[in-house]
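Okay, so here's the structure we're looking at.
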Amino acid sequence: MEAYMDNAATTPVLPEVRDIMIKVMEEDFGNPSSKHTKGMIAERYITEAKETIASILKCEPKEIIFTSGGTESNNMALIGTAIANRRAGKHIVTTRIEHASIHEPVSYLEEMGYEVTYLPVDSNGRVSAEDLKAAVREDTLIVSIMYVNNEIGAVQDIKKLCDIVKKKNPKTLFHVDAIQAFGKYKIVPKRLGIDMLSVSGHKINGPKGSGFLYIKDKTKIRPIIWGGGQQKGMRSGTENVPAIAGLGVAADIIYKDHSTKIERLYSLKKRMIEGMNKIEGAIVNGIDGIDIEETAPHIVSVSFEGIKSEVMLHALAQKGVFVSSGSACSSNHPELSGTLKAIGVSDELLDSTLRYSFSMLTTEEEIDYAVKITAEVLPNLRKFIKQ
């Protein structure tokens, strides 16, 4: 048996997504900028995907810009607004637990002369309202805070944080990395006060290389990719029509009967946490004195005393249990992954932590198998290390 427990890294593509992508690639392969029938058919897929996503977010289709994924969306939001609004201020506020695709462009902007304030978080990975209020200034250009943390599943109260920012400085733009939140929460940017929202397709059983950035109408932002002027000049380059069509289908499916899907995910999460709590020396992170429903439904972070995460990860993989030792992206730059340190995980456990993550395709059998194998492997590894 296998148990794929790395869905926060990527999810399997749904059959409906695969089918629409194949149809576009084999039959409706025209360039959407072409004026002939093939081009118009291709353009229709883009229009339909925009309308589907706009319906989910309760926004206008023109406020959706398709990208190659979450990383590009985050870069566009930060660098594009920084360039367009540099006269308004050069101060940026973010947190210590953001994804590398936020930290890296922010570091780049620091090199360009922007000032950055990094907010701390509590033991559950949540930002303090007081800290945010104190950080926002007259020259604060943008605040970027992720909705759901990709390593421990911490969830921010985005509405509350947006309100604080807009009350302190109405001109400050609020960007949300919703890459782990889209599909798990019903998000209406205008209701929450969000100016920009980043989403990735392959986290919701859509294709890799797909994503979008919601940009509130009238937001001052500059393109970071120039060329043929596609997507009204905001993101040049021939659109990846198969991926965009697949993203639209995946988004539509994940929000159908949404509450039932999320209830089931929480049921799986509770099942896993109950199992992990029975394993000696296993510590579940990010649920310090709070209900599981206050965390994301699809991520469980567990630290294991006396064993390195990489050793544990490979031992589990040999038994068909596939997990992550943190963010899949941060594994290329481990120094960027500061989430565990930010929530106060002890030094000896920082390199002893695994992330188990689910999707709507995950089964109870997979959860039980993952817990069983973890419980079996751990004592054997500890015994081997002691020898």
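Compare Gln156, Gln318, Gln180 in a GNM of the chain, Cα atoms joined below 10 Å, and give the one with the largest fluctuation.
The residue that fluctuates most here is Gln318.
Output the pairs from Lys50/Lys208; Lys208/Lys372; Lys270/Lys383; Lys58/Lys171; Lys184/Lys270 with a Cα-Cα distance over 21 Å in this structure; if there are none, say none. Working shown, then result.
On the way: Lys50/Lys208 18 Å; Lys208/Lys372 31 Å; Lys270/Lys383 29 Å; Lys58/Lys171 23 Å; Lys184/Lys270 16 Å.
Cα-Cα > 21 Å for Lys208/Lys372; Lys270/Lys383; Lys58/Lys171; rest within.
Could you compute the FRET efficiency for Ala84 and Arg137, with r as their C-beta to C-beta distance and R0 at 25 Å, rounded to 0.05?
After rounding to 0.05, the efficiency reads 0.85.
Set the Förster radius R0 to 35 Å, insert the Cβ-Cβ distance between Glu263 and Glu376 as r into 1/(1 + (r/R0)^6), and round the FRET efficiency to 0.05. Spell out each step's value before the answer.
On the way: r = 30 Å, r/R0 = 0.86.
Once the sixth-power term is evaluated, E becomes 0.70.
Round to the nearest 0.05 the FRET efficiency obtained for Arg271 and Arg44 when R0 = 51 Å and r is the Cβ-Cβ distance.
On the way: r = 43 Å, r/R0 = 0.84.
Plugging the Cβ-Cβ distance into 1/(1 + (r/R0)^6) gives 0.75.
At each listed q (0.10, 0.13 Å⁻¹), what is the log10 of I(q)/I(0) that the Debye formula gives for region 29-124 modelled as equal alpha-carbon point scatterers?
Relative scattering, expressed as log10 I(q)/I(0), comes to -0.44, -0.66.
When Rg is the radius of gyration of the Cα atoms in the chain and Rh is its Kirkwood radius, what does Rg/Rh come to? It would help to have the intermediate numbers written out before the result.
Details: Rg = 21.2 Å, Rh = 21.6 Å.
Value, to two decimals: 0.98.
Taking just the alpha carbons, could you work out the radius of gyration and Dmax for region 266-331, both in angstroms?
Values for region 266-331 (Cα only, Rg and Dmax): 12.5, 35 Å.
With all protein chains present, how much of the accessible area of region 8-64 (probe radius 1.4 Å) comes from carbon and sulfur, to the nearest whole percent?
Heavy-atom surface of region 8-64 belonging to carbon and sulfur, 1.4 Å probe: 54 percent.
Sorted by accessible area with a 1.4 angstrom probe, largest first, how do Leu141, Leu361 fall?
Ranked list, largest accessible area first: Leu361, Leu141.
Loop-only GluC sites (Glu not before Pro) in region 250-295, please: DSSP not H, G, I, E or B, and at most 11 other Cβ atoms within 10 Å. Mind dumping the intermediate values first?
Numbers: sites: Glu263, Glu274, Glu280, Glu293, Glu294; in loops: Glu280.
Of the GluC sites (Glu not before Pro), the ones in loops of region 250-295 whose Cβ has at most 11 other Cβ atoms within 10 Å are Glu280.
Can you tell me the relative contact order of the chain? Whole percent, Cα pairs under 8 Å, sequence separation 6 or more. Could you put the intermediate results ahead of the total?
Details: 764 pairs, mean separation 93.5, N = 387.
Contact order relative to length: 24 percent.
Contact order normalised by length for region 222-348, with contacts defined as Cα pairs under 8 Å and 6 or more residues apart; what percent is it?
Values: 83 pairs, mean separation 15.8, N = 127.
Relative contact order here is 12 percent.
Be a star and scan region 124-143 for residues whose amide nitrogen sits under 20 Å from the point 7 Å along the Cα-to-Cβ vector of Lys171.
Residues 133-143 qualify, since their backbone N sits under 20 Å from the label point.
Which lysines does Lys35 reach when only Cα atoms under 19 Å apart count, and residues fewer than 8 places away in its own chain are ignored?
Lys232
Please list, in chain and number order, the residues 5+ apart from Asn285 or on another chain whose amide H is under 5 Å from its amide H, with Hs placed from the backbone.
Long-range HN contacts for Asn285: Ser301, Val302, Ser303.
Ala3's amide H: which non-local residues (gap 5+, or another chain) put their own amide H closer than 5 Å, with H modeled 1.01 Å from N in plane and none for Pro or chain starts?
Val321, Phe322
Any chance you could give the angle, 0 to 90 degrees and rounded to 10, that helix 37-57 forms with the longest Cα principal axis of the chain?
Roughly 60 degrees between the two axes.
In what order, largest first, do Lys190, Lys171 sit by accessible area if the probe radius is 1.4 Å? Mind showing how you got there, number by number?
On the way: Lys190 105, Lys171 175 Å².
My answer, sorted largest first, is Lys171, Lys190.
Distances over 20 Å make up what percent of all Cα-Cα pairs in region 166-272? Please list the in-between numbers first.
Details: 2978 of 5671 pairs.
Tail of P(r) above 20 Å: 53 percent of Cα pairs.
Rank Arg191, Arg96, Arg355 by mean-square fluctuation in a GNM of the chain with C-alpha springs under 10 angstrom and give only the top-ranked residue.
Ranking Arg191, Arg96, Arg355 by mean-square fluctuation puts Arg191 first.
The values are calculated or read from the model by the stated rules, or taken from the named source; none is laboratory data. Note that this is a predicted model, so its numbers are computed, not measured. Neighbour counts run over all protein chains shown; Cβ positions are idealised from the backbone, glycine included. When the accessible area is computed, the model is the full protein with side chains, heavy atoms only, and any ligands, DNA or RNA have been set aside. Shrake-Rupley method; radii C 1.70, N 1.55, O 1.52, S 1.80 Å.
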